[in-house]
Amino acid sequence: MKILGISGSPRRGGNTDLLLDEVMKGAASRGAEVKTIILNELDITHCQHCDACYRAGRCTINDDMQTVYRELERADRLVLASPVHFLGPTAQMKAMIDRCQALWARKYILKIPPLGDRRERKGLFVSVGALKMANLFEPSLAIVKALFTVLDITYAGEMVFRGIDEKGIITKHPDALRRAFFAGQELVDN
Ligand SMILES: Cc1cc2nc3c(=O)[nH]c(=O)nc-3n(C[C@H](O)[C@H](O)[C@H](O)COP(=O)(O)O)c2cc1C
């Protein structure tokens with residue numbers, strides 16, 4: 001089983017990355033093949049709404065998103081991880097999601113499987129935010145769930161932590177990293 005983790009944080013080794021690492025370690029401990037993509041290190045331009053994908057079934061912009069499409073197609077499980085920036089996912093994550101319009105076009109215009117085949121895929125969402133407000137993750141969750149629906153990925157749940165701001169402070173949380181590790185194991189087991 002292949003597990004793809006995608007981090008949208010610009011802060012390398014920050015709270016999101018630390019949580020994602022644990023999810024991936026948990027998945028690897030169950031024998032999964034794991035791969036992590038750090039969006040901030042890639043060159044992914046914004047969707048230009050050129051509609052080329054409506055005919056081609058693929059995005060014609062030749063940048064690092066082409067690698068992400070390939071990895072998405074290969075993965076059996078997807079872990080999307082992004083801190084909250086202005087109440088939504090980071091710009092890095094949103095740019096990647098918008099480029100999945102090409103996969104939307106496959107499904108809804110060309111009537112072909114968005115990820116190339118119909119095998120069952122599942123996805124988990126990981127997030128942190130500084131504030132403690134109850135609905136902090138709602139905008140991000142709506143976006144991520146919409147993406148999973150478009151990609152025919154079954155939503156497997158979320159791991160979200162409020163009141164997390166300083167770089168690395170998630171390591172002081174009583175059980176966040178342990179829960180992230182278990183979530184990675186569960187993603188493979190189920
Ligand atoms: C541009 C920017 C916008 C942010 N907006 C929010 C916000 O709307 N709500 C919130 O709770 N935290 C917000 N934060 C705080 C981050 O979510 C928080 O510091 C988080 O722990 C960063 O995670 P990371 O270490 O994985 O990058 C923002 C941080 C930045 C840099």
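Here, each number is a calculation from the coordinates, and none is a lab measurement. Only a predicted model underlies this, so the values are computations on that prediction, with no experimental measurement involved. A quick note on method: Cβ atoms are made from the backbone with ideal geometry, for glycine too, and the neighbour counts reach across all protein chains shown.
A few notes on this one:
- Look at where the Cα atoms of segment 1-25 and of segment 137-180 average out, and the two centres are 11 Å apart.
- Each label point was placed 7 Å from the Cα along the Cα-to-Cβ direction; for Q66 and K167 their separation is 3.3 nm.
- Helix content alone sets the calculated 222 nm mean residue ellipticity of the chain: runs of n ≥ 4 DSSP H residues at -39500 (n - 2.57) each, divided across all residues, give -11500 deg cm²/dmol.
- Local electrostatic count, G116, Cβ distance below 13 Å [Lys/Arg +1, Asp/Glu -1]: +3
- Within segment 42-136, GluC sites (Glu not before Pro) in DSSP loop having at most 13 other beta-carbon neighbours inside 10 Å: E120
- Relative to the longest principal axis of the Cα atoms of the chain, helix 176-189 runs at roughly 40 degrees.
- Amide proton proximity set for T36, modelled H, under 5 Å, gap of 5+: G5
- Neighbourhood charge, 15 Å Cβ-Cβ cut-off, centred on S9 and excluding it, Lys, Arg +1 and Asp, Glu -1: -2
- Dipole of the chain [Lys/Arg +1, Asp/Glu -1 at C-beta], most positive-end residue of G184, G13, A56: A56
- Taking the longest Cα principal axis of the chain as reference, the axis of helix 65-74 is set at about 80 degrees.
- Segment 32-82: Rg to Rh, with Rh as the Kirkwood radius over Cα pairs: 1.00
- Partners of K94 within straight-line reach, counting lysines whose Cα lies under 27 Å from its Cα and excluding those fewer than 8 residues away in the same chain: K2, K25, K35, K107, K111, K122, K132, K145, K167.
- Distance in nm between pseudo-label sites at D152 and F86 (7 Å out along the Cβ direction from Cα): 3.5 nm
- Oblate is the label for segment 1-96, because the ratio a/c of its alpha-carbon gyration tensor axes (a ≥ b ≥ c) is 1.5 or higher and a/b is not greater than b/c.
- Antiparallel DSSP beta bridges within the chain, percent to nearest 5: 5 percent
- For q = 0.12, 0.21, 0.25 Å⁻¹, Debye-computed log10 I/I(0) when each Cα of segment 101-177 counts as one equal scatterer: -0.47, -0.91, -1.11
- All C-alpha to C-alpha distances of the chain, sorted into 5 Å bins beginning at zero, yield P(r) values of 1, 8, 17, 21, 21, 16, 9, 5, 2, 0, 0 percent in whole numbers.
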